[in-house]
1. From 76, 120, 102, grab the single residue that is touching a residue at least 24 places away in the same chain (Cβ under 8 Å), under 24 Å from residue 174 (Cα atoms) and of a type in the set (Asp, Glu).
2. So is residue 77 more than 20 Å from residue 167 (Cβ to Cβ) and either exposed (fewer than 13 other Cβ atoms within 10 Å of the Cβ) or in contact with a Ser or Thr (Cβ under 9 Å, 6 or more places away or on another chain) (or both) or not?
3. Taking residue 51 as meeting all but one of (1) crowded, with 20+ Cβ neighbours inside 10 Å; (2) without any contact (Cβ under 8 Å) to a residue 12 or more places away in the chain, write down the number of the exception.
4. Among the residues of the stretch 130-152, write down those that are out of contact with any Phe, Trp or Tyr (no Cβ under 7 Å at 6 or more places or on another chain) and in a loop (DSSP other than H, G, I, E, B).
5. Considering only residues that are charged (D, E, K, R) and farther than 15 Å from residue 123 by Cβ, which ones fall in the stretch 74-103?
Amino acid sequence: MAGPTVNRGLAVLSHMFTFALKTKGIIQIHSMARYGRIPEDEKALRVMDLEEERSLINAVLAKNHVIGCYVGVLAETALRMTEGLLLKWKFVNLGERNLTVEASKNYKTRHVPLSDYAIELLRSLPRVIGCEYVFALALTKDRWRDPRGPFYAGRKAVGLDWVGFHDFRHLRASQWVMRGIDLRTVQELLGHRDITTTMRYAHFAPNHATRSILAAHRAEMEELSKKPVAVGDK
């Protein structure tokens, strides 16, 4: 059995024991605590570029405007698929240019800035009276639950059949890192609990560490230049 398959099974077992120990209190020892994971070969992360992103969003917009806006917002904010579907208007602040992702059982509340393009997409959406969700169906007055139809049709139209909803998250994370956003901030924006998950994007900024060290050195020199020089140091 392949390593990744074994690791997925071990993860499920570990979560079950954690639930039984911390939530239900029906066991006293976590039987999986001393078991590690099988090493896995690191796979190269395939990421869309900005031209592919916009062509895909436009293609989905042509199929269905609401779902086109949905994938566009995912691409601009790095929201998870379910987080986007559950997004409510009361958590979108166009004036302050941000949205709030509600806390869930596994993730903390976080605030994500909105780009000009994301704001443009959100403003183009029709508001469905009686529905609190951003991406809503006028017919049912409820949120979209399965956006795959318009999305699959759009990606086929532009030859990006390999792209899934999570690839918009990869795109935005890689763009943030390439534009100089530090990895800790990217971790917070993505809602990662562990920085090691965010580190998969580090290679998109190969000179990130160099820039950070240079900035630190310059800050040190600036601080030293402001301090008075002692007589014995002249």
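1. Within the list 76, 120, 102, the selection yields 76.
2. no
3. Unmet condition: (1).
4. Answer for the stretch 130-152, where residues must be out of contact with any Phe, Trp or Tyr (no Cβ under 7 Å at 6 or more places or on another chain) and in a loop (DSSP other than H, G, I, E, B): 130, 131, 138, 139, 140, 141, 145, 146.
5. Step one: list which residues in the stretch 74-103 are charged (D, E, K, R), which gives 76, 80, 83, 88, 90, 96-97, 102.
If the condition is that a residue be charged (D, E, K, R) and farther than 15 Å from residue 123 by Cβ, then 80, 83, 88, 90, 102 are the ones that fit.
Every residue, every condition in (1) under 18 Å from the mean Cα position of the chain (by Cα); (2) closer than 30 Å to residue 18 by Cβ, yes or no:
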{"site": "99", "(1), (2)": "yes, no"}
{"site": "104", "(1), (2)": "yes, yes"}
{"site": "107", "(1), (2)": "yes, yes"}
{"site": "115", "(1), (2)": "yes, no"}
{"site": "121", "(1), (2)": "no, no"}
{"site": "124", "(1), (2)": "no, no"}
{"site": "134", "(1), (2)": "no, no"}
{"site": "138", "(1), (2)": "no, no"}
{"site": "145", "(1), (2)": "no, yes"}
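Matching residues to (1) within 27 Å of residue 55 (Cβ to Cβ); (2) assigned by TED's automatic domain parsing to the domain that holds residue 65:
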site	(1), (2)
88	no, yes
132	no, yes
140	no, yes
145	yes, yes
157	yes, yes
177	yes, no
181	yes, no
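The values are calculated or read from the model by the stated rules, or taken from the named source; none is laboratory data. What you see is a predicted model; the values in this text were computed from it and never measured. We place every Cβ from the backbone using ideal geometry, glycine too, and count neighbours over all the protein chains shown.
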